[in-house]
1. Going through 160, 128, 114 one at a time, which residue ends up being in contact with a strand residue (DSSP E or B) (Cβ under 6 Å, 6 or more places away or on another chain), under 25 Å from residue 184 (Cβ atoms), touching a residue at least 40 places away in the same chain (Cβ under 8 Å) and surrounded by 17 or more Cβ atoms within 10 Å (Cβ to Cβ)?
2. Any idea how many residues of the range 398-451 are closer than 25 Å to residue 137 by Cβ and not in a helix (DSSP H, G or I)?
3. Name the residue that is nearest to residue 352 (Cα to Cα), counting only residues in the range 430-448 that are touching a residue at least 40 places away in the same chain (Cβ under 8 Å) and surrounded by fewer than 17 Cβ atoms within 10 Å (Cβ to Cβ).
4. Check the range 316-338 and report whether any residue there is touching a strand residue (DSSP E or B) at 6+ places or on another chain (Cβ under 6 Å) and at pLDDT 95 or above.
5. Could you go through the range 197-207 and let me know if any residue there is within 30 Å of residue 394 (Cβ to Cβ) and assigned to a loop (DSSP other than H, G, I, E, B).
6. Which condition number does residue 390 fail, the rest of (1) touching a strand residue (DSSP E or B) at 6+ places or on another chain (Cβ under 7 Å); (2) surrounded by 22 or more Cβ atoms within 10 Å (Cβ to Cβ); (3) not in a strand (DSSP E or B) being met?
7. Taking the condition touching a strand residue (DSSP E or B) at 6+ places or on another chain (Cβ under 6 Å), modelled with pLDDT of 95 or more and farther than 18 Å from residue 124 by Cα, does residue 423 pass?
């Protein structure tokens, strides 16, 4: 916790006069880590020549459970019925590109998307690890594992705004916990972990008796923050703090992050375009289809966040696969197109990359429960924005949708491209592991089709 001495002054929330103001941490996995520690680390990075870049951003949407590639972006019309399934392809606005019938909005906006139909290299784990790092979970595990792209951006690029964390994970904790992993810090350490508004970070952020209910009540929360500013300034504590501690306090007393998380401040017509994703179906032990999280992600990027991760739906369709895709697909179709349209209208799409994908694909064969089982041999992804060349489908699978036929695309190639879109050169930029050895950001190359 970050303790700021305030002499014998008594706070409005009843803290005794000899206590310290508990200004909180971001709970990055180490209880003693303070925001001031975070900012001192950033200051050291800046001193080493790692100055912040212009604000480019990534919204990484994890479709936890493994979405069925052959029911989304590449319908296998020539396969037998027990493989083809129930869906028909529909044309898109891009000549020669067809996608599944559950995505009519995306079809109409296909010029704004790139469909990767041949992602390979999945290790079969029911987790977000490869979709947040680009590496298998075993990579550098003795050193703490590989850091997620959000942690790397936080270290190398720092905060775009001093009062907004560079890396935010929106997913609330799921019963199957790995499906709500926002991205691990790996060997970089807890300083560069994600801020989690739905977790203990929120309780730390709102301070002194301001609980989650008070957070929703903006007027009450800001009253507490204003009172906090006045009392600290009166006690002279800020004047005695070092620059890093003062900056940490600025985060905790700034309204910018609070504003970004407060959807009541958004235009109701915009919220209606995104939808709410309700009713939540097929959730079980996974994430709900919270469409508004994509809207929150846009607001966070607008406020200065560099990387936002979220988990959307539970796509583990061992049974009722086609019912699940009708439900999840239609909702994703609405909120993903709303996000891309929204970013474009605000002039943010060129600097904001959006990717939606899962940990693996589903079996070609439909099982007796009308479901598809795990299939790490091939999966898919959909991308938009970031200055990438959209309006195309990349790669393909064989007639049964079981293996990549054209342009097998490793996770590492996708990540090299995402880093490139963030303004980090994956071929030349490295981060040092705990032994001092430089490690490349991705094990792949930037996809020439996209840049």
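The values are calculated or read from the model by the stated rules, or taken from the named source; none is laboratory data. Since the model is a prediction, treat every value here as computed from it, not as a measurement. Every residue, glycine among them, receives a Cβ derived from its backbone with ideal geometry; neighbour counts consider all protein chains shown.
1. 128
2. 28
3. Keep residues of the range 430-448 that are touching a residue at least 40 places away in the same chain (Cβ under 8 Å), which gives 431, 433-435, 439, 441-444, 447.
The next check asks that each one be surrounded by fewer than 17 Cβ atoms within 10 Å (Cβ to Cβ); those that pass are 434-435.
Working: 434: 31, 435: 33 Å.
Going through the qualifying residues, I end up with 434.
4. Among the residues of the range 316-338, not one is touching a strand residue (DSSP E or B) at 6+ places or on another chain (Cβ under 6 Å) and at pLDDT 95 or above, which makes the answer no.
5. no
6. (2)
7. Here the answer is no, as residue 423 does not meet what is asked.
Yes/no per residue for (1) in contact (Cβ under 8 Å) with a residue 40 or more places away in the chain; (2) surrounded by fewer than 24 Cβ atoms within 10 Å (Cβ to Cβ):
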| position | (1), (2) |
| --- | --- |
| 314 | yes, no |
| 324 | yes, no |
| 327 | yes, yes |
| 334 | yes, yes |
| 361 | yes, no |
| 364 | yes, no |
| 368 | no, yes |
| 377 | yes, yes |
